[in-house]
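As C-alpha cells, the structure follows; a few thoughts come after it.
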Amino acid sequence: MASNDVNRIVASHLSYAYPEADRNAVEDVSVRVKKGEFLAILGHNGSGKSTLAKLFNALYVPSAGTVWVCGLDTKDDALVFDIRQHAGMVFQNPDNQIVATVVEEDVAFGLENNGVEPAQIRLRIDEALAAVNMSDFALKAPHLLSGGQKQRVAIAGVLAMKPDVIILDESTAMLDPSGRQEVMNTVHRLNREEGISVVIITHYMGEAATADYVIVMDDGRVAMSGTPREVFTQVAKVRALGLDVPPMTDLADMLRADGIGIRADVLTVDEMVEEVCRLSSRS
Amino acid sequence: MLNDITLGQYFPGNSPIHRMDPRMKLILTIVYIVGVFMVSNLPGYAIALAFLYLVVRVSGISFKYLVKGIKPLRFILIFTFVLNLFFVEGETVLLSLGFVRITKEALENAVFFALRLVFLVMGTSVLTLTTSPIRLTDGLERLMKPLQRFHFPAHELAMMMTIALRFIPTLLEETDKIKKAQMARGADFESGNLIARAKAMIPLLVPLFVSAFRRANDLAMAMEARCYRGGDHRTRLRELKYTRLDLYGLLATAAFIAVIIAEGKLLG
C-alpha cells in the first residue's frame, strides 16, 4: 500500500468499551498520524485519551472500527508484536515501566524479547542511550535516577526498537518542571532529527502548543481538532471542555477583553513578546 | 527497621573470582557445600578453612568482612549447638548433673554442626559477594534451562527474581514515604508492646500492598508494550561464556574435594 509511506497510524471510526463498562470509553474516533508528525491528544480525566493511546499499539483491541499501524491491523493477533515494535509506548509512572536493575539492561529488554542478536543489541542500546543523552548512566541502577532521567531511559528502551511512532501516555505528568522539559526536548529532537512521529497524551497546554496537530477529547469523542493555533484561539470552547488554554493565549485573551488590539492566536512567550513590541512601536 | 535488609549484597570488584562465569560459581558453591558435609574431623575443617581463606584472598574481599556476616546468625548457631549438646545420645559421659548429661559424642556433634553452618554461610557469601544480582539470576536461569523440558519455569523464576530485585529499593522508598505520611497524621510506630506495634503496622502495610499491586499492573502493561512474550526465542544482551578462569576454579575445587576425601580415608 503506497499510503503507508505517509500514514503511520490510521484510526477509522474507532470505538472501545472496557469489558464491564456499559458505555464506550472511546466512541467513533477517526485520526491520522503522518510520518514525522507531532500529534497532541488533550482532554480532562476520563475523556478517553489514554484509552485511545492504548488502542494505538494493540494493548487494547477496538470493539468497533479499525486501527492500522504502519499498515498493520491491530485486530490481527499475529501482528501484535510487529505493531508494538512500530509504535513504542512510554507510560506515566517512570518507576513502573523499568524492568531491569541496570539502565542498559532495561534498554535491551525489548530487543531481547524480539530475539535480536547480542552484538546487534549492544550497538542499538549504545545508539539509543546516546540519542537521549544518557550514555553516562548506562551502568547505573534505575532507582538512583531522577524522574526525567528515568523517562529518558524509557524512551531509549522504545527507541532501541527503531519505532516509527512513539506514544507518550502522560509521560510528563509525574515529573517536576525541569524533568518535563528534559523529556519534551528529547521527544522534539527525535521528532525533528529522526523523523519519528510522536503522539503525546497530555494535559499540559504548553506541551500541546508545540505540536503540529491537536485533538481534544471529551466523553470518548473528538470534540475539537486542528493546529494548536486553530484550537486554542477558541478560548471559550476549550474552557467549556474543562481545559486551560496555554498561559500566553490566556493573557492575550484577557488583554483583548480589556480592549487592547492584540492578536488572539498567541501561543508562546516569544510570540507574545513580538506582539507587545509590535503594539508598542505603533502607539 | 526495613532498611537493614541487605538482600543480594554485592561487593563490586574485578578479581578473578568476580570475573568467573556465574554458572560455574553456582556449581562450585554446591560442590563446596557437599565437600563441607563430607568433613568429619577437625583437621578436615582446617583444610576447608584453608581453601576458603585462599578463595577469599583471591576475591579481594576482606576475611573480617566475611566473618562479620556470621554475626546475625549467632542465635541460630548457639541454639543448634545447645540442642545438639543436650539431646544427642552417646556413650562416653563427660558431665552429669541430675538429668543433664553431656557426652563426648554430643559435644563433637555440636561443634561439628556449628562449624558446618559457619562454613556454609561463609562459602555461599563468597558467591553473593562476588556476583552481581543480574549475573546471578542469569546464571540460575541458564543452569535451570534443561529443566524447562519438564515444564520447570526457569525463565519465569529468573524474571521474577530480577523484578523483585528491581523493586526492592522502590518499595523501601515507598514504605518510608507512607510511614512518614501516617506519622504526620499521628500514627505511632515506636511505642507500645509487641502486639501494639504489630497492629500499628497495618496502616503501613495496607497502602503498601495496594500500591504494589498497582505497580505490578502497570509493569505488566509496560512489559507487554515492549513485546514481552515469555522466555522462548528470547536473546540476552550478555552472553555467558566459560573462560580459563572457570577451569582454574574447577580444578581448585576438585583438588579441595580430593584432599577432603583423602584426609577422611586416612584419619577418619
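Read-outs: derived from the displayed coordinates by stated rules, not from any lab. Just so it is clear, the structure is predicted and the values come from calculations on it, not from any experiment. All Cβ positions, glycine included, derive from the backbone under ideal geometry; neighbour counts span all protein chains shown.
What's the longest piece of chain B with no exposed GluC sites (Glu not before Pro), counting a site as exposed if DSSP puts it in a loop and it has at most 11 other beta carbons within 10 Å? In chain B, the maximal stretch lacking such sites is B:92-189. Computed from point charges on the beta carbon alone (+1 for Lys and Arg, -1 for Asp and Glu), the dipole magnitude for the stretch A:164-283 about its Cα centre is near 420 Debye. Positive end of the dipole of chain B (Cβ unit charges, origin at the Cα centre): among B:Met221, B:Ile70, B:Leu120, the Cα lying farthest that way belongs to B:Met221. When shorter helices are ignored and each DSSP H run of at least 4 residues is given -39500 (n - 2.57), the per-residue value for chain B at 222 nm works out to -23000 deg cm²/dmol. The protein assembly as shown: percent of C-alpha pairs farther apart than 31 Å? Everything past 31 Å amounts to 61 percent. Both radii come from the Cα set of chain A: Rg as radius of gyration, Rh as Kirkwood radius; their ratio Rg/Rh reads 1.01. The C-alpha atoms of the stretch B:154-225 occupy a region whose extents along the principal axes are 45, 23, 16 Å, arranged from largest to smallest.
Altogether, the Stokes-Einstein calculation at 25 °C and 0.890 mPa s, with the Kirkwood radius of the stretch B:90-178 over Cα pairs as Rh, returns a diffusion coefficient of 140 µm²/s. Largest GNM mean-square fluctuation among B:Lys68, B:Lys199, B:Lys177, using chain B with Cα springs under 10 Å: B:Lys199. For A:Ile41, A:Ile121, the sequence from fewest to most other C-beta atoms within 10 Å is A:Ile121, A:Ile41. Since only B:Leu157, B:Gly186, B:Phe167 are under comparison, the one whose Cα sits farthest along the positive direction of the charge dipole of the stretch B:154-225, derived from C-beta charges on Lys, Arg, Asp and Glu, is B:Gly186. In this Cβ point-charge picture (+1 for Lys and Arg, -1 for Asp and Glu), the protein assembly as shown has a dipole of about 1860 debye about its Cα centre. Averaged over the residues of peptide B:167-178, the number of Cβ atoms from other protein chains lying within 10 Å of each residue's Cβ is 2. Sparsely packed loop sites in the stretch A:4-70 (the GluC sites (Glu not before Pro) outside DSSP H, G, I, E and B with at most 16 other Cβ atoms within 10 Å) comprise A:Glu20.
Its relative contact order, with pairs defined as Cα atoms under 8 Å and 6+ residues apart, puts the stretch A:2-245 at 26 percent. Of B:Leu140, B:Leu85, B:Leu129, the residue with the greatest mean-square motion in the GNM of chain B, using alpha carbon springs below 10 Å, is B:Leu85. Averaged over peptide B:232-240, the number of partner chain Cβ atoms lying within 10 Å of each residue's Cβ comes to 6. Peptide A:109-121 has a mean of 5 when you count, residue by residue, the C-beta atoms of other protein chains within 10 Å of its C-beta. For the stretch A:2-245, the Cβ-based charge dipole about the Cα centre amounts to some 500 debye (Lys, Arg positive; Asp, Glu negative; other atoms uncharged).
Couplings for the stretch B:206-218, taken from phi via the Karplus curve 6.51 cos²θ - 1.76 cosθ + 1.60 with θ = phi - 60°, read 4, x, 5, 5, 4, 5, 5, 5, 5, 4, 4, 4, 4 Hz in order; Gly and Pro are left as x. Cα convex hull, the stretch B:50-131: 100 Å³ per residue, rounded to a whole number. Secondary-structure-derived ellipticity at 222 nm for chain A, considering helices only, amounts to -11500 deg cm²/dmol, per-run term -39500 (n - 2.57) for DSSP H runs with n ≥ 4.
In the stretch A:93-252, the DSSP beta bridges split such that about 50 percent are antiparallel, to the nearest 5. Only beta bridges with both residues in the protein assembly as shown are counted; by DSSP, about 55 percent of them are antiparallel.
Among beta bridges from DSSP that stay inside chain A, the antiparallel ones total about 50%.
Using 0.36 nm per residue and subtracting the Cα-Cα separation, the extra length available between B:Val100 and B:Asn193 on full extension is 29.9 nm. Projecting the Cα positions of B:Gln148, A:Asn114, A:Leu251 onto the charge dipole of the protein assembly as shown (unit charges on Cβ atoms of Lys, Arg, Asp and Glu, taken about the Cα centre) puts B:Gln148 furthest along the positive direction.
Near A:Arg239, once Lys and Arg are set to +1 and Asp and Glu to -1 for all other residues with Cβ below 11 Å from its Cβ, the sum equals -2.
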